[in-house]
Structures are given as C-alpha cells and as structure tokens.
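Visitor: Can you keep this structure in mind? I'll have questions shortly.
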Amino acid sequence: MKWTVLSDNRTCNDQFQTEHGLSILLETDKHRILLDTGASDVFIRNAEKIGIDLSTVDYVFISHGHSDHAGGLKHLLEINKKVKIIVSPDALKGKYFSKRRYFHSITTEWPEIPQERLLTVEHSESISDDFFILAHIPQIHPMPEGNQHLFVENTDDGYVNDDFRHELALYTGGLLFTGCAHSGLENILAACPFPVNTVVGGFHLLDNHESEDKLSELAYRLTDAYPQTQFYTSHCTGDTTFSTLKAVMGEQLHAFSCGTTYPICKGGRKGRHAEMRLWLASQEIGGIDMTIEAGKINI
C-alpha cells in the first residue's frame, strides 16, 4: 500500500504545482482511491508529471463539502467514466462560507454525478471489506479554533457556525485519512473502531489560533494515547503549529508535500483486514443497527 500527494499547499519540488487544497492517491492491493480532489485540476496535472493515470481510479472519497477538497471533482469526471464518488449527502446540499480575512464562499460547484456512481454516506459504514467510512463523528474532545471562521447558510438565508455534519473520514489497513479534521483530530481517532498505525491529512490547526500551550498539550495526549501511530500532515496545519507539535511528538510527526509518494509497511496488514472483516460481519448478524460513539461500538 502507498499514497501519493497530488495537490497540497506545499511542495519540495518546483516541478509540481501547489494550491490551497488537498488530494492524495491511495493505492491498496484491491483499490485505487482518490482522497479528495483539491480545488482545481492541479491534482491531474501533477499526476501526469509523475506518470499516474487517474482514469483507472476506482473510488473518489470526498471528505467534506469545502471547495478546496472537492473543487476538482468535475475535472476528474471528465477523464474517468467509471469512478464511484463517496460523499456525505450534507456536503452535496450545503452552502459553505468563510469569514477568515474576508467573507467568501467555499461551497463546491458540484458536477452532475450519475446516480449509479454516487455513494452517499449518512452513517459510519464499510464500502468494501477493506475500507470503512466514519460519519457524524462525535465531538467529545476540543475542536480546532480555526472553525470559528466557518459557516453554513441556513434556511432563513442567515449563517450559522458549521457543525461539520458533512465531514467524513476514511480508514483502510491501519491508515486513517482525516481530510481537514474539522471535527478534531482526537475525535476522529476516538471514533475509529480499528487500530490506527498511520494518520494522514490536514489537522486544521492554523497558525495564530491555537495557543502554544494547547498545542503542546494536544501533542502529549496524542503521543500518550497513540504511541505507535505515525502522523503525517500539511495543507491546513500551520508551519508554526507544526514546529510546536514536532517539539513534543518528535519522530511520530511528519510533514508531507506535493509530488511525494509514501509507502505503508505491510506488516500486520492481513491481521488488520481480518479483524475488520470479523467486526463488520458481526454487525450484519440479525440486521443489527450499528452506531459509533466516543470511540466505542454501540449496537
């Protein structure tokens, strides 16, 4: 299993274009999954430079409704006529805005999606026997301070703080993709019922928003609760924020950048998939209705 960053705010190689967006190609033994699409067609242009053919991607996972993660979807559908789209129905119908620096829309302009290729996720569920989607993540731990700038339009043509019901996370083979982690990194980890070896995504910990003390406390909690987990971040994680976290987390924390491929160690992969299949099978017995709350499985 490996993952390649196709769109991000940062790069270590000038041949790759950057943008305020995120798109990662995740390749497993069974699937090629595009994790978000960035804000434009930058992910396609960067993929071409690496020699990656996105017309063979099986699934595209949209973590939430903001345009910096789903704006490139229309470009993907132009070159891939079979890809299935995994997304929250709340993301498709919401109108999102940011008041950071100035008031502006961050709503995705959704292309027409063939119904047979649209997989809307309203509750945490498996898409196949080797990857799982987390939805409606319980918010029991602190939320990112940067969320204070983010709003959704309500039915009265007013604006209310975004509660991120439209945010999803994806798990497969020990890897947890957080998107922007607007729901809070700790909350997403707590909601995942499977062992997490690698966390990948933005953490939405903006510079000049979280205090140094709070960031250090978060870093200590993460290293204490997840001592064997490796964390990879960029996009909406600030440079100063990263340095503060790195001072505590050391070799557990890494910065990713556009154009880079990261392999995932296969050690224990079969065991994780077997554990996942066993757990998923247990939820199907007798048509049990499953929900995930506070990191525990409730039925």
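Read-outs: derived from the displayed coordinates by stated rules, not from any lab. Here the structure is a predicted model, which is why all the values come from computation and not from measurement. No Cβ is skipped: glycine too gets one built from the backbone with ideal geometry, and neighbour counts run over all protein chains shown.
Visitor: Normalise the Debye intensity by I(0) for region 49-116, one equal point scatterer per Cα, no solvent, then take log10 at q = 0.15 Å⁻¹ and round to two decimals.
Guide: The Debye formula, applied to the Cα set alone, gives -0.53.
Visitor: Classify region 65-165 as rounded, prolate or oblate, taking a ≥ b ≥ c as the square roots of the eigenvalues of its Cα gyration tensor: rounded when a/c is under 1.5, otherwise prolate if a/b is larger than b/c and oblate if not.
Guide: It comes out oblate by the Cα gyration axes.
Visitor: Here's a follow-up. Excluding Val160 itself, calculate the net charge of residues whose Cβ lies under 13 Å from the Cβ of Val160, where each Lys or Arg counts +1 and each Asp or Glu counts -1.
Guide: Values: positive: Lys95, Lys99, Arg165; negative: Glu153, Asp156, Asp157, Asp162, Asp163.
Within the 13 Å Cβ shell, the charges total -2.
Visitor: Still on this model: From the cross-link list Lys30/Lys74; Lys2/Lys82; Lys2/Lys84; Lys93/Lys214; Lys2/Lys99; Lys49/Lys81, which pairs have alpha carbons spaced over 32 Å apart?
Guide: Working: Lys30/Lys74 25 Å; Lys2/Lys82 22 Å; Lys2/Lys84 20 Å; Lys93/Lys214 34 Å; Lys2/Lys99 36 Å; Lys49/Lys81 22 Å.
With Cα atoms farther than 32 Å apart: Lys93/Lys214; Lys2/Lys99.
Visitor: Same structure, new question: Would you list Glu19, Glu217, Glu27, Glu167 from fewest to most Cβ contacts within 10 Å?
Guide: If I rank by nearby Cβ atoms, fewest first, I get Glu217, Glu27, Glu19, Glu167.
Visitor: In the neighborhood of Gly202, defined by Cβ-to-Cβ distances under 12 Å, what is the net charge if each Lys or Arg adds +1 and each Asp or Glu adds -1?
Guide: Details: positive: Arg10; negative: Asp8, Asp36, Asp68, Glu167.
Local net charge: -3.
Visitor: Would you mind working out the magnitude of the charge dipole of the chain relative to its Cα centre, with +1 at each Lys and Arg C-beta and -1 at each Asp and Glu C-beta, to the nearest 20 Debye? Before the final figure, lay out the partial values.
Guide: Details: 26 positive and 40 negative charges, 156 e Å.
It comes to approximately 760 debye.
Visitor: ³J(HN,Hα) across region 154-163 via Karplus (A = 6.51, B = -1.76, C = 1.60, θ = phi - 60°), whole Hz, x for Gly/Pro?
Guide: 9, 5, 9, 6, x, 10, 10, 4, 5, 9
Visitor: Also, I was wondering about something else. How high is the relative contact order of the chain? Use alpha-carbon pairs under 8 Å, at least six apart in sequence, and give a whole percent.
Guide: Relative contact order here is 18 percent.
Visitor: Now, a different point. Kindly identify region 111-182 as rounded, prolate or oblate by the Cα gyration tensor criterion: order the square roots of the eigenvalues as a ≥ b ≥ c, call it rounded if a/c is under 1.5, otherwise compare a/b with b/c, prolate if a/b is larger, else oblate.
Guide: On the way: a/c = 2.59, a/b = 1.32, b/c = 1.97.
Oblate.
Visitor: On to the next question. Tell me, which longest segment in the chain has none of the chymotrypsin sites (Phe, Trp or Tyr not before Pro) that fall in DSSP loops with at most 11 further Cβ atoms within 10 Å? Don't skip to the answer; put the middle values down first.
Guide: On the way: sites that count: Tyr102, Phe103.
In the chain, the maximal stretch lacking such sites is 104-299.
Visitor: Another question, then. Which shape class, rounded, prolate or oblate, goes with the chain when its Cα gyration tensor gives a ≥ b ≥ c as root eigenvalues, a/c under 1.5 marks rounded, and past that a/b bigger than b/c marks prolate? Could you put the intermediate results ahead of the total?
Guide: Numbers: a/c = 1.11, a/b = 1.03, b/c = 1.08.
Rounded shape, in that the Cα axes give a/c under 1.5.
Visitor: Can you give the % of DSSP beta bridges in the chain that are antiparallel, to the nearest 5? Numbers along the way, then the final one.
Guide: On the way: 34 of 53 bridges.
Expressed as a percentage, antiparallel bridges in the chain total about 65.
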